[in-house]
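A.B. asks: Here it is, the structure in full.
Bear in mind that the values in this text are calculations on the coordinates, not laboratory data. All figures in this text were calculated on a predicted structure; none of them were measured in a lab. Here the Cβ is made from the backbone with ideal geometry for all residues, glycine too, and neighbour counts use every protein chain on show.
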Amino acid sequence: MRIYKILYTVLAPLFKLVYRIKVTGKENIPDGATVVCANHTSLLDPIFLCITFGKKELMSFMAKAELFRVPVIGAVLRALGAIPVNRGSTDISTLRDAISRLSDGKKVMIFPEGTRVHTDADASAAKTGAAMIACRAKVSMLPVYISDKKRLFGKVEIIIGKPIETASFEGSGSAKYKTVVETVFGEILRLGNGGEA
């Protein structure tokens, strides 16, 4: 997507100038489709993730539907191919869109908490939507931890864990989705607490 690459070319050098971005575990990024899951504490998190994964990884990311109605921001989100999410409800068109992109071999980025969380979180805070999409698309989920401190000229640490195969979980339906997402988010928290990538 041309505008994605243009924005990446402009923003990546700028962010690398004003933040010291340290990435661990980049070798864990699988080829092809996967659901990328990360904790969410800042509006800048999607940009940090896009910079981490690189210009060639055209990630589709979820964004709350309200943002698409904001002038300029909405236009940019549409141009970037973001997927609108109506929070608090199961949106069939959103699920189909995300699964379709995964079927095309793309990566879809989802924040399992569904919104920014500034306090200490636990695995139970994660919503099951990300796991539902990954399980139905039969793809892995990639846990990523992003440090919550993002001061100008300070260090931002990003730790990429190993892919978690959704097919390895037994069961079906909501019970399975809950187990999968809590496992993935638990791994995100472990990475943030000093666990190895």
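A.B. asks: Treat the count of other C-beta atoms within 10 Å as a stand-in for reagent exposure and order L80, L191, L14 from fewest to most.
C.D. replies: Going from sparsest to densest Cβ surroundings: L14, L80, L191.
A.B. asks: Quick one: net charge around L11, please, counting Lys, Arg +1 and Asp, Glu -1 for every other residue with C-beta under 13 Å from its C-beta.
C.D. replies: Computed value for this residue: +3.
A.B. asks: Still on this structure: Considering Cα pairs under 8 angstrom that are at least six residues apart, work out the relative contact order of segment 2-192 and quote it in whole percent.
C.D. replies: 32 percent
A.B. asks: Please grab the % of Cα pairs in segment 2-192 that end up more than 23 Å from each other.
C.D. replies: Across segment 2-192, Cα pairs with separations above 23 Å total 39 percent.
A.B. asks: Please list, ordered by chain and number, the residues whose modelled amide H lies under 5 Å from the amide H of K107; skip anything fewer than 5 residues away on the same chain.
C.D. replies: T34, S60
A.B. asks: Which order do the peptides 172-180, 131-139, 147-155 come out in when sorted by mean C-beta neighbours inside 10 angstrom, highest first?
C.D. replies: 131-139, 172-180, 147-155
A.B. asks: Just to verify a number: FRET efficiency for A65 and K138, C-beta to C-beta distance, R0 = 30 Å, to 0.05?
C.D. replies: The value I calculate is 0.65.
A.B. asks: Take each uninterrupted DSSP H stretch in the chain, measure its Cα extent along the helix axis, and return the ones at 27 Å or beyond whose mean Kyte-Doolittle hydropathy is at least -1.0.
C.D. replies: Span-like helices, by this rule, are 173-192.
A.B. asks: Between K155 and S100, how high is the FRET efficiency from 1/(1 + (r/R0)^6) when r is the Cβ-Cβ distance and R₀ = 41 Å? Nearest 0.05.
C.D. replies: 0.65
A.B. asks: Determine, from the Cβ-Cβ distance of K162 and N193 and an R0 of 22 Å, the FRET efficiency 1/(1 + (r/R0)^6), rounded to the nearest 0.05.
C.D. replies: Plugging the Cβ-Cβ distance into 1/(1 + (r/R0)^6) gives 0.85.
A.B. asks: Also, I was wondering about something else. Mark the label point 7 Å from the Cα of I6 along Cα→Cβ and return the residues of segment 12-53 whose backbone N is within less than 20 Å of it.
C.D. replies: 12-15, 47, 50-51, by backbone N distance to the label point.
A.B. asks: Taking 0.36 nm per residue of separation and subtracting the Cα-Cα distance, what length does fully extending V72 through V18 add?
C.D. replies: Length gained, V72 through V18: 17.0 nm.
A.B. asks: Moving on to the next point. Out of residues 5 or more away from K64 or on other chains, whose amide H comes under 5 Å of its own, with H placed 1.01 Å from N in the peptide plane?
C.D. replies: V85
A.B. asks: Using Cβ contacts closer than 10 Å as the measure, can you line up F185, F15, F61 from fewest to most?
C.D. replies: By the 10 Å Cβ count, ascending, the order reads F15, F61, F185.
A.B. asks: Antiparallel versus total DSSP beta bridges in the chain: what percent is that, nearest 5?
C.D. replies: The answer is about 20 percent antiparallel.
A.B. asks: How do E196, E157 line up, fewest other C-beta atoms within 10 Å first?
C.D. replies: E196, E157
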